[in-house]
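Bear in mind that the values in this text are calculations on the coordinates, not laboratory data. Note that the structure is predicted; figures quoted are calculated from it, not measured. Every residue, glycine as well, gets a Cβ built from its backbone with ideal geometry; the counts of neighbours run over all protein chains shown.
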Amino acid sequence: QVQLVESGGGLVQAGGSLRLSCAASGRTFIPYMGWFRQAPGKERERVATISWRKSSTYDVDSVKGRFTISRDNTKNTVMLQMNSLKPEDTAVYFCAAGMTIGVNDYWGQGIQVTVSS
């Protein structure tokens, strides 16, 4: 059974930075990993994804240039570096992983990110 565990969330002032990490266990190779977020009263949205080849995509225009997704294949870990944070980035962030592109087979429990103005 694959387990995803997120870390690195918290409270930060606008303009600050946070780095989220997600460690996968239970499977040695997961080709696609990514981050989603869900703000209060809104639907969950995909933020960024990265393949095992480290090809990345960003699905939220407002994070482009501020967020960077990366992964360490040796540790089965995906990271999300978030810079110049804005109050509208406040959400629960979820790590997701899958064996097929676009299919999220596994989910983390979510981690809160709060950006104060």
(request) Choose one of GLY108, VAL63, THR74: the residue whose Cα lies farthest towards the positive end of the charge dipole of region 56-117 (beta-carbon charges +1 Lys, Arg; -1 Asp, Glu; about the Cα centre). (result) THR74
(message) What's the longest uninterrupted piece of the chain once you rule out the trypsin sites (Lys or Arg not before Pro) that are loop residues per DSSP with at most 16 other Cβ within 10 Å?
(response) 76-117
(request) With a ≥ b ≥ c taken as the square roots of the eigenvalues of the C-alpha gyration tensor of the chain, please select rounded if a/c is under 1.5 and otherwise prolate if a/b is larger than b/c or oblate if it is not? (result) prolate
(request) Under 16 Å Cα to Cα from LYS64, which aspartates and glutamates show up? Leave out anything in the same chain fewer than 8 places away. (result) GLU45, GLU88, ASP89
(request) Please get the size of the charge dipole for the chain, origin at its Cα centre, with Cβ charges of +1 on Lys and Arg and -1 on Asp and Glu, quoted in debye to the nearest 20. (result) 260
